[in-house]
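Inspection log for the structure reproduced underneath, given as structure tokens.
Values quoted throughout were computed directly from the atomic coordinates according to the rules given, and no laboratory measurement underlies them. This structure is a prediction, so every number in the text was calculated from the model and none was measured. All Cβ positions, even for glycine, are placed from backbone atoms using ideal geometry, and neighbour counts span all protein chains on display.
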Amino acid sequence: MGDTGTLEEQLQRFFGFTAFRGKQRRVIESALSGHSTLAVFPTGSGKSLCYQLPALLQEGLTLVISPLIALMKDQVDFLEKHNIPAARYDTSLTREEWEEVNQQMRSNKLKILFVSPERLGNEKFIALMTRIKIQTLVIDEIHSISEWGHNFRPDYLKLARYYKELKIPKMIGLTATANKKVIKDICRVFSIEEEHCIVSGFHRPNLYIRIHPVSETNRNQKLLETLKIRESGPAIVYVSQQKTSNEVQKYLEAHGISARAYHAGMGAEARKDVQNWFMPSEKAVIVATIAFGMGIDKANVRQVIHYNLPKSLENYMQEIGRAGRDGQAADCTLLYCPSDRIVLENYSYGDTPARENIHKLLQMLSHLDHEFSISPYHCSRDFDIRDLVCRTLFTYLELDSFIESTGSFANEYSIRFIRPEKERTLQIGPERAAFLESVFSTGKMGRLLLKLDLLQAAQTTGEDLSRIQRALIWLENEGWIETKVKNMRHSYRKIKTDWNVDEMTETLVKRFTEREDTDIRRIDLIEQLCLSQHCRTAVLLKYFGEELKNDSCGHCDFCDNTAEMTVENQENPGLSPSQKTELKSLLKTIENENLTISQTTRFLCGLSTPGLSRKKMTKAKGFGNFQNSPYKVVQSEVNSIKRQSETS
């Protein structure tokens, strides 16, 4: 690495910047010195540069793990504008586009490649990466690897294993929201030394923070007043549910404010249209779920308004961080309605799998062969456990050394033959040709495509599944075939042969209950911020391990004495007599569906599950009728009614 002037010169040369911001230089120096490094910087503080510049100053490929396709696309567009060879590999690419990326990597012309965390579970991709010189692994949103993080993702937890398997020399972790416990977790998993854990201050003096207490009846009016009083530029209004996004957007439009809804329930093109409308605007208002924001780099957002209570302080900090990125003053307003807590708690309770479903799943796994594969979709559907929760369960089994992942593969192939069979036979020889013929003969040939089931092919031919997979990968890489795949399956090997299913069930139930408790604690903390009689900024910063001088920021409603009194959320006394009558009546109408107590409670609270969807219960009369009632209260009432009916 060169002297101080050299790094600044390279910064100017590649990006046109004259100076580094905050602690960017420290992270870059650490990475260039060969150290694995963690950068904890606030939203909008230039984390991306911390890997972009080192990537250009070192030999080899920088592999970037990024959670969203939109985020990857924006980063690639930015780098290409600066003539930096970068690409992304995701499901939106055509075969020709991926072939071009592949060629760039093989010729060592590509400097930065963006992929999703799930991509590293793909056997074709891993096989390719073993042939590429990767100099750095970069993990964006790295807090997702921690069980105690606010956005735990099982696929992130496995990144440490791939990092070691691919023998990558170093890694750079990036996050905007990690408290001390999560930071310690990350450093332990990736063996990051304390001196190379670089935390920048979270304090944003240009953000004015205020909290307005509201009720269900006056919330819309308060939102309208907030937008009109401080009509100074683009605004983001965050809501907790998709239907709320649509309802609030219509309300604002009806009252003369140009607004658009944005949520995960919209199609990709519709979401893209909304982004394209919002980005250049000087006064647009977007009403969004948390699906909006990651990767959206709009510098002049003047207001971020939380229409609903955020689910954690981490989410809140990340979301208000999208305001005022240009350094100019911006307002962050939270409309605090105590009843929002019920919706957040219900989501958390709805994620926790039922004990009986965990037991049934483990019982099934215990009877499988030493090496087995399983479809996540069917596993989730058959045992009524949400997909992400199901993947988390398998990750826990890996962490406890009951199983180890041996990769993932697509079981169903649609194969198009590009070159003649005779030509292929001449090149690969009769023995290999006979092997391929035996495999292909198990498939079903259509007019243009051969449909092939890999598990069926392996069983029929007696050949090893991995040999068939390697053959198909080789044929495609050599240009003999083109494939489209579906029905992903994950392969595992049992490490422990003696499974005490009852004991394992209790361990997993305890683990999921602890996660549930952690989620509820996060809701407690965000509510405490709303009820606090102290500087808002000081309370926030303390959670992230930072002290504010004099415990006063001077730019929140508490510090300028304009804070409104908030009323503490009262304990819910339970269901009213009329609600109990309604619930009892609904149980009568669905009694023939044979729902478990947990399924019944989720149905009443409007919490979709794979099992309910399979039975088409999410469209049934009564679904969500008790969505504003606490989950535990509804569950208790369902229990009580079912016990009475059993004894009568």
Check your understanding: Under 17 Å Cα-Cα from LYS549, which lysines qualify once same-chain neighbours fewer than 8 residues away are excluded?
Key -> none
Exercise for review: When you have a sec, figure out the Kirkwood radius of the range 422-512 from all distinct Cα pair distances and drop it here in Å to one decimal?
Suggested key: 16.2 Å
Review point. With +1 on each Lys and Arg Cβ and -1 on each Asp and Glu Cβ, how big is the dipole of the range 4-199 about its Cα centre, in debye rounded to the nearest 20?
Key: 320 debye
Point to revise | Residue-wise HN-Hα coupling along the range 42-49, computed from phi with Karplus coefficients 6.51, -1.76, 1.60 (Hz; x: Gly, Pro) | key: x, 4, x, 9, x, 5, 4, 4
**Study point:** Rounded to whole Å, sorted largest first: equivalent-ellipsoid semi-axes of the range 577-647, Cα gyration tensor
**Key:** 17, 14, 11
Review point. Add -39500 (n - 2.57) for each DSSP H run of 4 or more in the chain, then divide by its residues: what number comes out at 222 nm, to the nearest 500 deg cm²/dmol?
Key: -13500 deg cm²/dmol
Revision key, fill the gap. The chain: longest segment with zero exposed trypsin sites (Lys or Arg not before Pro), where exposed means DSSP loop plus at most 14 other C-beta atoms within 10 Å, is residues 284-446
Study note, to complete from the structure: Binned at 5 Å from zero, the C-alpha pair distances of the range 86-186 give percents of 2, 12, 21, 23, 18, 12, 7, 3, 1
Review point. Among LEU531, ALA410, VAL199, whose Cα lies farthest out toward the positive end of the dipole of the chain, if unit charges sit on the beta carbon of Lys, Arg (+1) and Asp, Glu (-1)?
Key: ALA410
Review point. Measuring from label point to label point, each 7 Å out along Cα→Cβ, what is the ARG614 to THR518 span in nm?
Key: 2.8 nm
Check your understanding: In µm²/s, what is D for the range 355-494 at 25 °C and 0.890 mPa s, where D = kT/(6 pi eta Rh) by Stokes-Einstein and Rh is the Kirkwood radius from Cα pairs?
Key -> 146 µm²/s
Study note, to complete from the structure: Most exposed first, judged by fewest Cβ atoms within 10 angstrom, HIS306, HIS370, HIS359 run HIS370, HIS359, HIS306
Review point. In terms of the ratio Rg/(2.2 N^0.38 Å) built on C-alpha atoms, what value belongs to the chain?
Key: 1.05
Exercise for review: Report, in debye and to the nearest 20, how large the dipole of the chain comes out about its Cα centre when Lys and Arg carry +1 and Asp and Glu carry -1 on their Cβ.
Suggested key: 960 debye
**Study point:** Antiparallel DSSP beta bridges within the chain, percent to nearest 5
**Key:** 30 percent
Check your understanding: Considering amide H positions built from the backbone, and no H for Pro or chain starts, which residues 5 or more places from LYS170, or on another chain, come under 5 Å of its amide H?
Key -> LEU137
Point to revise | Magnitude of the charge dipole, the range 446-566, Cβ model with Lys/Arg +1 and Asp/Glu -1, debye to 20 | key: 840 debye
Point to revise | Rounded to whole Hz, the Karplus (6.51, -1.76, 1.60) HN-Hα couplings of the range 580-588, x for glycine and proline | key: 5, 5, 4, 4, 4, 5, 5, 4, 5
Exercise for review: Show which lysines lie in cross-link reach of LYS496 when reach means a straight Cα distance below 24 angstrom and same-chain residues fewer than eight apart are skipped.
Suggested key: LYS158, LYS164, LYS360, LYS510
